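Comments concern the structure below.
The values are calculated or read from the model by the stated rules, or taken from the named source; none is laboratory data. This is a predicted model, so every value here is computed, not measured. Cβ placement follows ideal geometry from the backbone for every residue including glycine, while neighbour counts extend to all protein chains displayed. Ligands, DNA and RNA are excluded from the accessible area calculation, which covers all protein heavy atoms including side chains. Shrake-Rupley method; radii C 1.70, N 1.55, O 1.52, S 1.80 Å.
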Amino acid sequence: MPYYDDDGNELDPSTIPLPKMCTMCEKQDLPEEEILCNLNRLDQQGEPVFKCGAFVSLYGALIDDIIE
């Protein structure tokens, strides 16, 4: 599914690196979360710290030092 910025330029979410936090999220492979996750990653591209309000850890309680 293509995404577009405010100027009409097509954005490809597959070119945005997957943050470490995303690899530890229960929602990573859920089709119903794909659009939200892609938009969140595209929106934060180039930011020094990635934040996600929908994150659910695969490992239970969140351990701050494993997330960069």
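On full extension of the chain, what length is gained from Lys51 through Asn9, given 0.36 nm per residue of separation minus the C-alpha to C-alpha distance?
Details: separation 42, 0.36 × 42 = 15.12 nm, distance 2.43 nm.
This chain segment gains 12.7 nm when fully extended.
Please list the equivalent ellipsoid semi-axes of the chain, computed as the square roots of five times the alpha-carbon gyration tensor eigenvalues, in descending order and whole angstrom. Don't jump to the answer; show the numbers that get you there.
Details: eigenvalues 111, 38, 14 Å².
So the equivalent ellipsoid measures 24, 14, 8 Å along its semi-axes.
Among Cys52, Ile35, Asn9, which residue has its Cα positioned farthest towards the positive end of the charge dipole of the chain, with +1 placed on the Cβ of Lys and Arg, -1 on the Cβ of Asp and Glu, and the dipole taken about the Cα centre?
Cys52
Taking the Cα centre of the chain as origin and charging only Cβ (+1 Lys, Arg; -1 Asp, Glu), how large is the dipole, in debye to the nearest 20? Mind showing how you got there, number by number?
On the way: 4 positive and 15 negative charges, 54 e Å.
Computed about the Cα centre, the dipole is about 260 debye.
Could you state the angle between the C-alpha long axis of helix 34-43 and the longest principal axis of the C-alpha atoms of the chain, as a value from 0 to 90 degrees rounded to the nearest 10?
80
Using a 1.4 angstrom probe with every protein chain in place, what is the largest-first accessible-area order of Ser14, Ser57? Display every interim value, and only then the final one.
Numbers: Ser14 95, Ser57 15 Å².
Output order, biggest surface exposure first: Ser14, Ser57.
Roughly how many Å² of Leu11 are accessible to a 1.4 Å probe, to the nearest 10?
Solvent-accessible area, nearest 10 Å²: 60 Å².
With Cβ to Cβ distances under 12 Å as the rule, what net charge do the other residues near Pro2 carry (K, R +1; D, E -1)? Let's see the in-between values first.
Details: positive: none; negative: Asp5, Glu10, Asp12.
In short, -3.
With each pseudo-label sitting 7 Å past Cα toward Cβ, what's the Glu32-Gln44 distance in nm, one decimal?
Rounded to a tenth, the inter-label distance reads 2.2 nm.
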